[in-house]
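Please see the structure below; I have some questions.
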Amino acid sequence: MNRMTWFNAVSLTLGFAFLYIPMVILVIFSFNESKLVTVWAGFSTKWYGELLQNDAFLNAAWVTLKVAVFSSTMATVLGTIAAYVLVRGGRFMGRTLFSGMIYAPLVMPEVITGLSLLLLFIGIGLDRGVLTIVLAHTTFSMCYVSVVVSSRLVSFDRSLEEAALDLGCSPAEAFRLVTLPIIAPAVISGWLLAFTLSLDDLVIASFTSGPSATTLPIKIFSAVRLGVSPEINALSTIMISIVTVGVITASLVTKHQVARQKREEQAAVRA
Amino acid sequence: MMRRFVLIAIPYAWLLALFLVPFAIVLKISLSDYAVSIPPYVPQFDWAEGISAFLAELDFENFIWLTEDDLYWKAYLSSLQIAAVSTFLTLLAGYPIAYGMARAPEEWRPTLMMLVILPFWTSFLIRVYAWMGILSNEGFLNQFLMWLGVISEPLTILNTNSAVYIGIIYTYLPFMILPVYSALERLDGSLIEAAEDLGCSRLTAFWLVTIPLSKNGIIAGSFLVFIPVLGEFVIPSLLGGSDTLMIGKVLWEEFFSNRDWPVASAVAVVLLLLLIIPIVLFQRNQQKQQEAEQ
């Protein structure tokens, strides 16, 4: 049934044109000489130069990066433990509540998550800043990590862990030597997901940040509210390029690994 | 045994403290009254007065206020309407793309998948921003249409509900394409051939075989779009106009501009009650699907 009819070709072309043309226009106009983002006035890279001299943006980028690294790392640790407990923990008191709290943040509107965390931080008298954003981001992204990791844990053969225990490993050793290497791809993609979610988040960061800490999305949002500007186009172009390179590299690596695994399996069968 | 307890306790305590307790606080403040103080609501909890005195001061005044002021119920209705219509439009736009992907030669599919996922990793804010330059009066779309001679005067699209719809379809399209694609990819092509052999036209076969067999993907995709769109804030505030009413935006303004925390909390509680129905339906659908697979 792999017929490539004209209908399929047209719908794919139109669909991907719709997905990509807005980004292409955005990138093209970041190289525009004119301050106007809609009228082409010649090629120039001056907006990139201005961006690099804009301390406010650079500071915000630095804060965003710090928050993303800390929160995604903490989220990965907590989310992996949560997934392990959910899949391997057996029954314990309050398990239903626990799994509810893992899945609920995934569908919770960001405005509500942001509002509730802000009210908590004010209630306990914690000053809003980098720390509060990290806590907020860790909380919602650990749930994404735990969903990714638990789907991997569910699908893998438990007898491998049992064999390690039978052969004299302690539970901690069995986890480190057997479980962790097997779930590692899921843990890494969980970390990447948490990292991206943190870089991207505007709403929750706006609620939980204070005057001392402004993240890049907050900065972009307040600039963009006043209208389009070529500097923001330049910034967007940089961010789009980083993501594109990252995603293409990741997919090439995966493709390479899958190919190698296939070769090894074939070699094993022949042997 | 001790180790197991610690392992369970760490994430459990974290989620209790940073998910459940904050939500209880929202619930409590939604029952409090606005006051000119820091923090701007009463009653504050006071151990000396005891719990019963504290509870006696809580009431449903804010919720009654929500039903009395036109703004709120209009915002809820218009959010529901925008979410429902844009979910349907996203399905219309996403289904043919998913169908085309599932019918594409096998060696293309990983690349097509990557092309669908790539925008998802790109900043949401930037993808919404991209449309501001395209939809404005002197923007790319108007210039293009005038160049074609379709229109003689620029259309006003930015800051209207149409712009909000375009923004939602654009940003949520991958969430629709992926589940529909995975349903269509598993579909056994010989079923359609059988239908055609038995005298169905292509269109009838599509309608009677393909659509029902991709039902689960359609349902999953629709919920993945509908649920987050209902509380959407960024799209209506950047692409919408002053008459675009969405509850996420109302909550934001109630909190940041009016500084009325109790009303903002009540708005949040009602939004969550609205969301519970689609969320429970979605969970049921996912569970049914999982059971069917096993």
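Given the options B:R202, B:R259, name the one that is of a type in the set (K, R), farther than 27 Å from B:A75 by Cβ, open to solvent by 40 Å² or more (accessible area, probe 1.4 Å) and at pLDDT below 85.
B:R202
Looking only at residues in the range B:123-152 that are among the aromatic types (F, W, Y) and in contact with a Gly (Cβ under 9 Å, 6 or more places away or on another chain), which one is farthest from A:M23 (Cα to Cα)?
Step one: filter the range B:123-152 for residues among the aromatic types (F, W, Y), giving B:124, B:129, B:131, B:140, B:144, B:147.
Applying the additional criterion that residues be in contact with a Gly (Cβ under 9 Å, 6 or more places away or on another chain) yields B:131, B:140.
Details: B:W131: 9, B:F140: 12 Å.
Of everything passing the filter in the range B:123-152, B:F140 is farthest from A:M23 (Cα to Cα).
Taking the range A:117-166, which residues are more than 30 Å from A:S212 (Cβ to Cβ) and facing chain B (nearest Cβ under 9 Å)? Even if it seems obvious, please write down each step before you answer.
Taking the range A:117-166 and keeping what is more than 30 Å from A:S212 (Cβ to Cβ), we get A:146-166.
Passing the criteria: only A:S146.
Within the range A:9-27, is there a residue that is in contact with a Ser or Thr (Cβ under 6 Å, 6 or more places away or on another chain), facing chain B (nearest Cβ under 8 Å) and part of a helix (DSSP H, G or I)?
Within the range A:9-27 (the criterion being in contact with a Ser or Thr (Cβ under 6 Å, 6 or more places away or on another chain), facing chain B (nearest Cβ under 8 Å) and part of a helix (DSSP H, G or I)), the answer is yes, since at least one residue qualifies.
Something else now. Kindly provide the set of residues from the range B:108-128 that are of a type in the set (F, W, Y) and over 18 Å from the mean Cα position of the chain (by Cα), ordered by number.
Taking the range B:108-128 and keeping what is of a type in the set (F, W, Y), we get B:108, B:120-121, B:124.
Answer for the range B:108-128, where residues must be of a type in the set (F, W, Y) and over 18 Å from the mean Cα position of the chain (by Cα): just B:W108.
Kindly indicate whether A:G100 is open to solvent by 20 Å² or more (accessible area, probe 1.4 Å), small (G, A, S) and either within 30 Å of B:E193 (Cα to Cα) or facing another protein chain (nearest Cβ under 10 Å) (or both).
Details: open to solvent by 20 Å² or more (accessible area, probe 1.4 Å): yes; small (G, A, S): yes; either within 30 Å of B:E193 (Cα to Cα) or facing another protein chain (nearest Cβ under 10 Å) (or both): yes.
Taking the combined requirement at face value, the residue satisfies it.
If you check B:W108, B:W121, B:W147, B:W131, which single one turns out to be closer than 30 Å to A:T38 by Cβ, facing another protein chain (nearest Cβ under 10 Å) and open to solvent by 30 Å² or more (accessible area, probe 1.4 Å)?
Working: B:W108 fails: closer than 30 Å to A:T38 by Cβ; B:W147 fails: facing another protein chain (nearest Cβ under 10 Å); B:W131 fails: open to solvent by 30 Å² or more (accessible area, probe 1.4 Å).
Every option except B:W121 fails the conditions.
In the range A:175-196, what residues are under 23 Å from B:S123 (Cβ atoms), surrounded by fewer than 20 Cβ atoms within 10 Å (Cβ to Cβ) and within 11 Å of chain B (Cβ to nearest Cβ)?
Of the range A:175-196, the ones under 23 Å from B:S123 (Cβ atoms) are A:188-196.
With the extra rule that they be surrounded by fewer than 20 Cβ atoms within 10 Å (Cβ to Cβ), the set shrinks to A:188-189, A:192.
Once the filter is applied, which keeps residues that are under 23 Å from B:S123 (Cβ atoms), surrounded by fewer than 20 Cβ atoms within 10 Å (Cβ to Cβ) and within 11 Å of chain B (Cβ to nearest Cβ), the range A:175-196 yields only A:L192.
Which condition from (1) open to solvent by less than 10 Å² (accessible area, probe 1.4 Å); (2) free of Cβ contacts under 8 Å to residues at least 60 places away in the same chain is the one that B:L141 breaks?
With respect to (1) open to solvent by less than 10 Å² (accessible area, probe 1.4 Å); (2) free of Cβ contacts under 8 Å to residues at least 60 places away in the same chain, B:L141 is out only on (1).
Looking only at residues that are touching a residue at least 24 places away in the same chain (Cβ under 8 Å) and more than 10 Å from chain A (Cβ to nearest Cβ) in the range B:275-285, which one is surrounded by the fewest Cβ atoms within 10 Å (Cβ to Cβ)?
B:L281
Let me confirm something: among B:L224, B:L208, which residue is within 23 Å of B:Y99 (Cα to Cα), assigned to a helix (DSSP H, G or I), open to solvent by 60 Å² or more (accessible area, probe 1.4 Å) and more than 12 Å from chain A (Cβ to nearest Cβ)?
Selected residue: B:L208, the only one of B:L224, B:L208 that is within 23 Å of B:Y99 (Cα to Cα), assigned to a helix (DSSP H, G or I), open to solvent by 60 Å² or more (accessible area, probe 1.4 Å) and more than 12 Å from chain A (Cβ to nearest Cβ).
Kindly indicate whether A:A75 is within 30 Å of the chain's Cα centre (by Cα), open to solvent by less than 70 Å² (accessible area, probe 1.4 Å) and closer than 30 Å to A:L153 by Cβ. Talk me through it step by step, then tell me what you get.
On the way: within 30 Å of the chain's Cα centre (by Cα): yes; open to solvent by less than 70 Å² (accessible area, probe 1.4 Å): yes; closer than 30 Å to A:L153 by Cβ: yes.
Considered against the rule, which asks whether it is within 30 Å of the chain's Cα centre (by Cα), open to solvent by less than 70 Å² (accessible area, probe 1.4 Å) and closer than 30 Å to A:L153 by Cβ, A:A75 comes out as yes.
Something else now. Please state which of the following conditions A:A172 fails to meet, knowing it meets all the rest: (1) part of a helix (DSSP H, G or I); (2) crowded, with 18+ Cβ neighbours inside 10 Å; (3) aliphatic (A, V, I, L, M).
Against the list (1) part of a helix (DSSP H, G or I); (2) crowded, with 18+ Cβ neighbours inside 10 Å; (3) aliphatic (A, V, I, L, M), A:A172 comes up short only on (2).
If you don't mind, there's one more thing I want to ask. Which one of A:S30, A:S11, A:S44 is of a type in the set (S, T, N, Q) and open to solvent by less than 10 Å² (accessible area, probe 1.4 Å)?
Numbers: A:S11 fails: open to solvent by less than 10 Å² (accessible area, probe 1.4 Å); A:S44 fails: open to solvent by less than 10 Å² (accessible area, probe 1.4 Å).
Exactly one residue qualifies, and that residue is A:S30.
With the requirement that a residue be part of a loop (DSSP other than H, G, I, E, B) and within 13 Å of chain A (Cβ to nearest Cβ), what does the range B:227-241 give you?
B:G231, B:E232, B:F233, B:G240
Continuing with this model, one more query. Please work out which one of (1) surrounded by fewer than 15 Cβ atoms within 10 Å (Cβ to Cβ); (2) at pLDDT 85 or above; (3) closer than 29 Å to A:I102 by Cα; (4) among the hydrophobic types (A, V, I, L, M, F, W, C) is the condition B:L91 fails and give its number.
The number of the failed condition is (1).
Tell me the residue from A:A75, A:A82 that is modelled with pLDDT of 90 or more, facing chain B (nearest Cβ under 7 Å) and closer than 24 Å to A:W191 by Cα, please.
A:A82
Could you list all residues from the range B:60-88 that are away from every other protein chain (no Cβ under 14 Å), modelled with pLDDT of 90 or more, farther than 18 Å from B:P212 by Cα and open to solvent by 30 Å² or more (accessible area, probe 1.4 Å)?
Within the range B:60-88, B:K74, B:L77, B:Q81, B:A84, B:V85 meet the criteria.
Right, something else. Limited to the range A:102-136, what total is found for residues that are part of a helix (DSSP H, G or I), under 23 Å from B:K28 (Cβ atoms) and touching a residue at least 40 places away in the same chain (Cβ under 8 Å)? Please lay out each step first, then the result.
Residues of the range A:102-136 part of a helix (DSSP H, G or I): A:102-107, A:110-123, A:130-136.
Narrowing the set further to residues that are under 23 Å from B:K28 (Cβ atoms) leaves A:104-105, A:107, A:110-123, A:132, A:135-136.
From what's left, touching a residue at least 40 places away in the same chain (Cβ under 8 Å): A:110-111, A:113-115, A:117-118, A:121, A:132, A:135-136.
Residues that pass the stated criteria total 11.
The values are calculated or read from the model by the stated rules, or taken from the named source; none is laboratory data. Quick caveat, the model's predicted, so the values are computed rather than measured. Cβ atoms come from the backbone with ideal geometry, glycine included; neighbour counts cover every protein chain shown. The area values use the complete protein model at the heavy-atom level, side chains included, leaving out ligands, DNA and RNA. Shrake-Rupley method; radii C 1.70, N 1.55, O 1.52, S 1.80 Å.
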